[in-house]
Amino acid sequence: MKIAPFLTSLVVAVWLIAIAIISVQNATPVSLKFLTFQSIQIPLGLVLAFSACLGLIGMALLQPLWGLAGIGQRNSRLEDDAEFFVDDEDF
């Protein structure tokens, strides 16, 4: 059994439960303002749910880009480690 997918699912489930509880307790409508733009009034819990979903989607899209950017750095770090851990008895 792999533990990483289970832990990921557990963390997402806890966040969803927390958002659901906050949504039920905070049904007060709010409007978002950014510079001169203003949204319609929507419940705070809905704003939190949309924000969490956008964050999850954004991280899912950005994670492969970070993996591509770190390929060169990861290889050079492994080469540095190989030079550092040289066994002196072989010489």
**Message:** Between a residue in the range 12-23 that is over 12 Å from residue 45 (Cα atoms) and any residue that is of a type in the set (A, V, I, L, M), which pairs come within a Cβ distance under 9 Å, given they are 6 or more apart or on different chains?
**Reply:** 12/56; 15/52; 15/56
**Item:** Residue in the range 19-49 that is surrounded by the fewest Cβ atoms within 10 Å (Cβ to Cβ), counting only those that are part of a helix (DSSP H, G or I) and of a type in the set (Gly, Ala, Ser)
**Value:** 20
**Asked** How do the pairs read when you match residues in the range 48-63 that are closer than 15 Å to residue 16 by Cβ with residues anywhere that are surrounded by 10 or more Cβ atoms within 10 Å (Cβ to Cβ), using Cβ under 7 Å and keeping only pairs 6 or more apart or on different chains?
**Response** 48/19; 48/22; 48/23; 49/19; 49/23; 52/15; 52/19
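Computed from the coordinates by the stated procedures, all read-outs in this text should not be read as laboratory data. Remember, it's a predicted structure, so these values are computed and weren't measured experimentally. Cβ sites come from the backbone with ideal geometry, for glycine too, and all protein chains shown count toward neighbours.
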